[in-house]
Amino acid sequence: VALDAARGEILDVNGKPLAVNQTAYKVVFEKAYMTADTENDTIHTLIQLMKNRNETWIDELPITIDAAGQYVFMEDKEDEIAELKGKKFLNLNSYATAEMCMKKLIENYGCDTEAYTPQEIRDIVSVRYSMTLGAFSVSNPYTFAQGISKETVAVIEENSQSLPGVN
């Protein structure tokens, strides 16, 4: 495995570090190794692993679930909501509700509403949405999470058989 050499640390005149070396890990999806029929299951499994390890992942979907269990738009995300509803993405009217957007996203991404809870559906759709925004393809991998711990990397590697396309 080729690794970049660590550069020296940069210190100020008092010896305080300005730039230091820090090992960081990220989780990346490789399209060539993911199959369309197992993509949602792979994402669901990975999200469960990340939640169990208290790790975060990239989440760009401006929809959340309120206390009543309903899909609602997040506050102060007007530009993101307009982009989601717009002609380039869902092509819905400007007055479309979060529920309408989620219904369309679930349909677009083939998310099985019988197999997952509403929160799990929202998480899966969120990842798929971010993948679409990032132009995920064979030549353009998708970064699912950044800055994860070495221990989480080990857990993901241990579960690599149930996570096709995840590196």
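Sort largest first and round to whole Å: the equivalent ellipsoid semi-axes of the stretch 107-167, each the square root of five times a Cα gyration tensor eigenvalue.
Details: eigenvalues 96, 57, 26 Å².
In descending order the semi-axes read 22, 17, 11 Å.
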- Under the rule of -39500 (n - 2.57) per DSSP H run of 4 or more residues, summed and divided by the residues of the chain, what mean residue ellipticity at 222 nm is obtained, to the nearest 500 deg cm²/dmol? -11000 deg cm²/dmol
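What shape does the stretch 35-119 have by the C-alpha gyration tensor, where a ≥ b ≥ c are the square roots of the eigenvalues, rounded means a/c under 1.5, and otherwise prolate means a/b greater than b/c and oblate the rest?
Taking the square roots of the gyration eigenvalues as a ≥ b ≥ c, the stretch 35-119 is prolate.
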- Message: Which GluC sites (Glu not before Pro) in the stretch 28-130 sit in a loop by DSSP (not H, G, I, E or B) and have at most 13 other Cβ atoms within 10 Å of their own Cβ?
- Response: GLU75, GLU114
- Relative contact order (%) - the stretch 1-114, alpha-carbon pairs under 8 angstrom, separation at least six: 12
- Cα gyration tensor, the stretch 1-52 - rounded (a/c under 1.5), prolate or oblate: prolate
- Task: Identify which of the listed values of percent of Cα pairs over 26 Å apart was calculated from the structure shown: [x] 24; [y] 39; [z] 44.
- Result: [y]
- Item | Flagged links, alpha-carbon separation over 26 Å, of LYS26/LYS103; LYS77/LYS150; LYS77/LYS104 | LYS26/LYS103; LYS77/LYS150
- Highest-MSF residue in the chain out of ILE65, ILE124, ILE156 [GNM, Cα springs under 10 Å]: ILE65
- Task: Summarise the accessible area of the chain (1.4 Å probe, protein heavy atoms) by the percent that is carbon and sulfur.
- Result: 49
- Message: I want to check the label-to-label distance for VAL153 and ALA24. Put each point 7 Å from Cα in the C-beta direction and report it in nm to one decimal.
- Response: 1.3
- Note on the structure: To the nearest 10 degrees, the tilt of helix 98-109 (Cα long axis) against the first principal axis of the alpha carbons of the chain is 70
- Dividing the mean separation of Cα pairs under 8 Å (6+ apart) by the residue count of the stretch 79-167 yields a relative contact order in percent of 13
- In Å², what does the accessible area per residue of the chain work out to with a 1.4 Å probe? 63
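The values are calculated or read from the model by the stated rules, or taken from the named source; none is laboratory data. Fair warning: this is a prediction, and the values are worked out from it, not measured in the lab. Don't worry about glycine lacking a Cβ; one is built from the backbone with ideal geometry, like all the others, and counts go over all protein chains shown. Just the protein is used for accessible areas: all its heavy atoms, side chains included, with ligands, DNA and RNA removed. Shrake-Rupley method; radii C 1.70, N 1.55, O 1.52, S 1.80 Å.
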